[in-house]
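Reading through the structure tokens given below for one structure.
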Amino acid sequence: MSFKLEKLIKVGLIQFESLLADIEENKNKSFKLMDKTVKLGAQIICFPEMFNTGYNLDLLGNEIYNLAVTQNSEYIKEYCQYAKNNNVHIILPLTIKDERENIFNSALMIDNKGKIKGKYDKTHLFLHEKKYYQAGNNFTIFNIDNIKIGILICYDLGFPEAARYLTLKGADIIFVPSAWRIQDYDIWDLNTRQRALENNIFIVGVNRVGKEADLHLFGNSRIIDPNGEIMMEAPRDEETIIVKELDLSKISKYRNYYQYLKARRNDLYGDFK
């Protein structure tokens, strides 16, 4: 694991307010917001969880199957073309349908050449998601401009093993597209900061904003540095764009100080296989 990182990257967080079940309108809106984010210098853009459909599965019900898109659909190709035309990487979290009509709560990683580098399927499904979605079984590292990116989705952040696994695989930044509820704000604050500190890694949490019946998604998207400190955060209940440059040399600084990774006692509790 490298401790000599000297790399800068500008990340763009789009705290998105969705129209429930209107994937075309949400797509059109997303391109307008990406235009603003690119103008602010973002090299990689991340949207929140299920931004193009909305999240409330009590309201969406089985309609979520009709709103799901395939990875090679024209819908996705528009985002790929945008990434290529604007020289920007995009993390695109939405519902992906496979050839067997199974659906996954996923995030696509599209590079600045317009190529899909791969996808991450949410591994820890929350409450009613289990009724509709298949759980993912793999954690993936994406190499973007020699920076290693990990992705977790919302509830995944509550499992320390997931972030630690990505860290041990070399991730420099973990993006966390989310649809986090207002009643769990304290957990959002704790999880984002603790996962960053215990791994001495950047955590980029991108949360939805808006209300869908009794579901209140509060926003407060944030960037946490490897010391667990909030570098920048969006307000609650307001559609917002954040662009911030990250200095990855901070990773080596704090890992050399805390040595959480070097001091691990694998002889006592083993390592990840």
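In table form, for the structure just shown:
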| quantity | calculated |
| --- | --- |
| G114 vs. criteria touching a helix residue (DSSP H, G or I) at 6+ places or on another chain (Cβ under 6 Å) and on the phi < 0 side of the Ramachandran plot | no |
| Residue in the range 263-272 that is crowded, with 22+ Cβ neighbours inside 10 Å and not hydrophobic (A, V, I, L, M, F, W, C) present | no |
| Every pair of residues 6+ apart whose Cβ atoms lie under 7 Å, when the first sits in the range 79-97 and is closer than 7 Å to N112 by Cα while the second is of a type in the set (A, V, I, L, M, F, W, C) and outside any strand (DSSP E or B) | V88/V38; V88/A42; H89/A83 |
| Close pairs (9 angstrom Cβ cut-off, 6 or more residues apart or separate chains): closer than 17 Å to E129 by Cβ in the range 176-191, at pLDDT below 95 anywhere | none |
| Cβ pairs under 7 Å, 6+ apart, first in the range 220-242 and over 9 Å from L197 (Cα atoms), second of a type in the set (D, E) and crowded, with 19+ Cβ neighbours inside 10 Å | N220/E233; S221/E233; R222/E233; M231/D225; E239/E17 |
| Yes/no for I187 being over 27 Å from V88 (Cβ atoms) and either crowded, with 24+ Cβ neighbours inside 10 Å or among the hydrophobic types (A, V, I, L, M, F, W, C) (or both) | yes |
| Filtered residues of the range 207-233 (kept if out of contact with any Leu (no Cβ under 9 Å at 6 or more places or on another chain), of a type in the set (D, E) and not in a strand (DSSP E or B)) | D214 |
| Subset of the range 129-150 (residues that are touching an Asp or Glu at 6+ places or on another chain (Cβ under 8 Å) and modelled with pLDDT under 95) | I144 |
| Cross-chain or 6+ apart pairs with Cβ under 8 Å, the range 27-54 first and within 15 Å of S221 (Cβ to Cβ), then in a strand (DSSP E or B) and of a type in the set (F, W, Y) | C46/F175 |
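The values are calculated or read from the model by the stated rules, or taken from the named source; none is laboratory data. The shown structure was predicted, so the numbers you read here are calculated from the model rather than taken from an experiment. When we count neighbours, we look across all protein chains shown, and the Cβ atoms used for this are built from the backbone with ideal geometry, even at glycine.
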